[in-house]
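Following: one structure in structure tokens, then a few remarks.
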Amino acid sequence: MDRDSQLKLYGAVADRLKEAHTRVRALQVPEGVRMALSRKLLVITAAAKHDLADAARRLDRFTQDLDEGRFPEGN
């Protein structure tokens with residue numbers, strides 16, 4: 001992947017992560033569920049530093065789960 005496309009992908013992932021965080025904050029779910037979702041987003045963010053393509057795939061799955069109402073169990 002050339003540098004320009006890598007930068008574009010990084011920008012797209014960063015924008016989508018920001019949007020996902022906003023969506024999680026707006027959810028009407030118990031605080032434990034919100035915390036579990038936030039932790040997943042932090043893991044995806046950390047993964048983006050090492051493997052951007054994998055982070056993008058993880059974010060796709062995360063967003064699909066949000067869209068379909070599949071949330072982790074909160075403690």
Would you calculate the volume per residue, in Å³, of the smallest convex hull containing every Cα atom of the chain?
75
Given labels modelled 7 Å from the Cα in the Cβ direction, how far is it in nm from S38 to D2?
4.1
Taking 0.36 nm per residue of sequence separation and subtracting the Cα-Cα distance, how much length would be gained by fully extending the chain between H21 and F71, in nm to one decimal?
16.6 nm
How high is the relative contact order of the stretch 1-60, in percent, with contacts defined as C-alpha pairs under 8 Å that are six or more residues apart?
36
Any chance you could give the angle, 0 to 90 degrees and rounded to 10, that helix 52-67 forms with the longest Cα principal axis of the chain?
30
Nearest 10, in degrees from 0 to 90: the angle of helix 31-48 to the longest Cα principal axis of the chain is 10
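Throughout, read-outs are computed from the coordinates displayed, never taken from laboratory work. For clarity, every value in this text was computed on a predicted model and none was experimentally measured. We place every Cβ from the backbone using ideal geometry, glycine too, and count neighbours over all the protein chains shown.
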